[in-house]
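S.K.: Dropping a structure here in structure tokens format, bear with me for questions.
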Amino acid sequence: DDDFAVLVERIGETEADALSHAEYVARKLQRTLQQPYVLGGTEGDRHFATLSFGISLFHDGVSSLESLLKQAEVALYRAKQDGRDIVRFFNPEMQAVVDAHARLEARMHEALEANAFRLFFQPQVNRRGVVIGAEALLRWPLDGGAMVSPAEFIPLAEDTGHIVRLGLWVLRSACAQLARWQMNETTRHLKIAVNVSARQFHQPDFVGKVAAAIERHRIRPGGLEIELTESVVIGDIETTVLRMRQIKALGVRFALDDFGTGYSSLSYLKRLPFDQLKIDQMFVRDMEKDTSSEAIVRAILALSRSLDLKVVAEGVETAAQHELLLTRGCELFQGYLFGRPVPIEDWKAG
Ligand code: C2E
Ligand code: MG
Ligand code: MG
């Protein structure tokens, strides 16, 4: 691990005193440890460490060791977020964020137990405007009818590990829906795409879970597509390739989500067995007014042709955007122009 705790005692009579002394100690540690390190004996081989500090002050009335360490950790987390070589003190405002997260986490746990999550489906269409399938998107309805956005709870579900159960529920629900579609003559060709988080994808038994879901619902696996983001891929590319191959061997397809926002390295794109790319909605949105976004969209389309990948444009909201994408050769489309995500009862297309 790369986290260390330092306990400094009797650093001041007043809070102001203690604050300045604590900062002084942190800066001193920082300066000392920032000295270059010569590794391996060669004079030229100098290494530098960056050091972030999170400080939490306490006195006699401290509630518990855990909460103290937790506070220091929160301050450290903030320091790392704010940049390199930064010292941050814990404050109540940070605690408010932590508390809100804790409440959200507790409610997420209850919602999982109560089976309160819902799947919405958003249509994807081809160049002729025919619906070819849907992306399954998670929704968390609250009592009043409002929805917590997945943008808010997915990152937390990843941090807490809830994503494993939640993601499995999504996978199974999508397969159940696919089974219903595949039983009906008019809908049997439709595909369903599910989003899979890094943590879920890298679970040891993920391949087995996918295979079991396919088997249990007796679906033709070609109708199932898994959307991964670049965060899944970066890190351990070998493991990712291997795992993707195992899942592809089941007959499932892969799409790379939010393409263009991350590293989008061509070297990994060539090595990973994706079937499809999804152009991030940011580029689609800015395409008309911003020439660099337009150039990126064109480059992605050219690139995908040479790599034999299909492209879906995400977040298509206007006819003008649609028109421009059509002239650039884009084949598949998703966005409010064609349909918003809806509960399956409201699904009319197909
Ligand atoms: P995403 O996979 O890129 O999904 C597309 C997002 O764009 C969805 O947001 C969708 O509602 C929204 N969208 C679609 N068309 C338009 C449009 O024309 N204009 C605009 N402004 N937005 C549009 P949503 O449903 O809020 O989901 C946000 C993100 O949360 C998703 O981004 C995905 O990364 C994540 N997510 C959603 N469901 C799941 C899930 O089951 N598992 C995991 N791991 N992540 C999920
Ligand atoms: Mg997606
Ligand atoms: Mg996306």
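S.K.: At most 16 other Cβ atoms within 10 Å and a DSSP loop assignment: could you name the chymotrypsin sites (Phe, Trp or Tyr not before Pro) in the range 291-350 that fit?
M.R.: Sites meeting the loop and neighbour criteria: Tyr336.
S.K.: If I ignore ligands, DNA and RNA and count only protein heavy atoms, how much of Asp308 is accessible to a 1.4 Å probe, in Å² to the nearest 10?
M.R.: 130 Å²
S.K.: Put a dot 7 Å past each Cα toward the Cβ at Leu39 and Ala114; how far apart are the dots in nm?
M.R.: Placing both labels 7 Å beyond Cα along the Cβ direction yields 5.1 nm.
S.K.: How many angstrom separate the Cα center of the range 83-143 from the Cα center of the range 194-258?
M.R.: Comparing the Cα centres of the range 83-143 and the range 194-258, I get a distance of 21 Å.
S.K.: As a test question: what accessible area, to the nearest 10 Å², does Lys310 have when a 1.4 Å probe is rolled over all protein chains in place?
M.R.: Surface open to solvent at Lys310 totals about 90 Å².
S.K.: If you don't mind, there's one more thing I want to ask. Pull out a ≥ b ≥ c, the square roots of the eigenvalues of the alpha-carbon gyration tensor of the range 147-253, then state rounded if a/c is under 1.5, prolate if not and a/b is larger than b/c, and oblate in the remaining case. The partial results should precede the final answer.
M.R.: Details: a/c = 2.05, a/b = 1.34, b/c = 1.52.
It comes out oblate by the Cα gyration axes.
S.K.: Considering only protein heavy atoms, with the full assembly of protein chains and a 1.4 angstrom probe, order Lys191, Lys348 by accessible area, largest first.
M.R.: Lys348, Lys191
S.K.: Which longest uninterrupted range of the chain lacks any GluC sites (Glu not before Pro) assigned by DSSP to a loop state (not H, G, I, E or B) and surrounded by at most 10 other Cβ atoms within 10 Å?
M.R.: Longest run free of exposed loop sites: 186-350.
S.K.: Could you order Arg165, Arg218, Arg305, Arg253 so the one with the most accessible surface comes first? Probe is 1.4 Å.
M.R.: Listed by decreasing accessible area, they come as Arg218, Arg305, Arg165, Arg253.
S.K.: Quick one: of the DSSP bridges fully inside the chain, what percent are antiparallel, nearest 5?
M.R.: 40 percent
S.K.: Where does helix 162-183 land angle-wise versus the long Cα axis of the chain, in degrees 0 to 90, nearest 10?
M.R.: For helix 162-183, the angle is close to 0 degrees.
S.K.: I'd like the accessible area for Met282, computed on protein heavy atoms only with a 1.4 Å probe and all protein chains in place. Round to 10 Å², please.
M.R.: Looks like 70 Å² after rounding.
S.K.: I've got another one for you. Roughly speaking, what is the stretch gain from Leu156 to Ile237, that is 0.36 nm per residue apart minus the C-alpha to C-alpha distance, in nm to one decimal?
M.R.: On the way: separation 81, 0.36 × 81 = 29.16 nm, distance 2.45 nm.
Extending this stretch completely gives an extra 26.7 nm.
S.K.: Once neighbouring chains are kept in place and the probe is 1.4 Å, which whole percent of the accessible area of the chain is contributed by carbon and sulfur? The partial results should precede the final answer.
M.R.: On the way: 10350 of 19690 Å².
Of all accessible area on the chain, carbon and sulfur atoms account for 53 percent.
S.K.: Using only DSSP helix segments of four residues or longer, with each worth -39500 (n - 2.57), what per-residue ellipticity at 222 nm results for the chain after dividing by its residue count and rounding to 500?
M.R.: Rounded to the nearest 500, it is -14500 deg cm²/dmol.
S.K.: Here's something else I'd like to know. Mind jotting down the distance between the C-alpha centroids of the range 48-72 and the range 301-338, whole Å?
M.R.: Comparing the Cα centres of the range 301-338 and the range 48-72, I get a distance of 50 Å.
S.K.: Sorted by accessible area (1.4 Å probe), largest first, how do Ser63, Ser52, Ser304 line up? Present the calculation step by step, with values, prior to reporting the outcome.
M.R.: Working: Ser63 100, Ser52 35, Ser304 5 Å².
Result of the area sort, largest leading: Ser63, Ser52, Ser304.
S.K.: In percent, what relative contact order does the range 83-236 have, based on Cα pairs under 8 Å that are 6 or more apart in sequence?
M.R.: Computed over the range 83-236, the figure is 19 percent.
S.K.: Follow-up question, since we're still on this one. Relative to the longest principal axis of the C-alpha atoms of the chain, give the angle of the C-alpha long axis of helix 65-82, reported between 0 and 90° and rounded to the nearest 10°.
M.R.: Orientation of helix 65-82: about 70 degrees from the principal axis.
S.K.: Right, something else. So what is the relative contact order of the range 74-160, in percent, for Cα pairs below 8 Å that sit 6 or more residues apart?
M.R.: Reported as a whole number, the value is 18 percent.
S.K.: Please give the helix 237-249 orientation as an angle from the longest Cα principal axis of the chain, in degrees from 0 to 90, rounded to the nearest 10.
M.R.: 30 degrees
S.K.: Taking a ≥ b ≥ c as the square roots of the Cα gyration tensor eigenvalues, with a/c under 1.5 meaning rounded and otherwise prolate when a/b beats b/c, else oblate, which class fits the range 21-154?
M.R.: oblate
S.K.: Quick check on my link table: of Lys28/Lys80; Lys248/Lys310; Lys209/Lys278; Lys80/Lys278; Lys248/Lys278; Lys191/Lys278, which ones sit more than 21 Å apart, alpha carbon to alpha carbon?
M.R.: Pairs exceeding 21 Å: Lys209/Lys278; Lys80/Lys278.
S.K.: I would also like to ask the following. Rounded, prolate or oblate for the chain? Axes are the square roots of the Cα gyration tensor eigenvalues, ordered a ≥ b ≥ c, and the cut-off for rounded is a/c under 1.5. If you can, show how the numbers build up before the last one.
M.R.: On the way: a/c = 2.18, a/b = 1.73, b/c = 1.26.
Taking the square roots of the gyration eigenvalues as a ≥ b ≥ c, the chain is prolate.
S.K.: So what is the relative contact order for the chain, in percent, with contacts set as C-alpha pairs under 8 Å and at least six apart?
M.R.: Contact order relative to length: 13 percent.
The values are calculated or read from the model by the stated rules, or taken from the named source; none is laboratory data. None of the values given here were measured: they were computed from a predicted structure. Note: ideal-geometry Cβ built from the backbone for every residue, glycine included; neighbour counts use all protein chains shown. Accessible surface areas use protein heavy atoms only, side chains included; no ligands, DNA or RNA. Shrake-Rupley method; radii C 1.70, N 1.55, O 1.52, S 1.80 Å.
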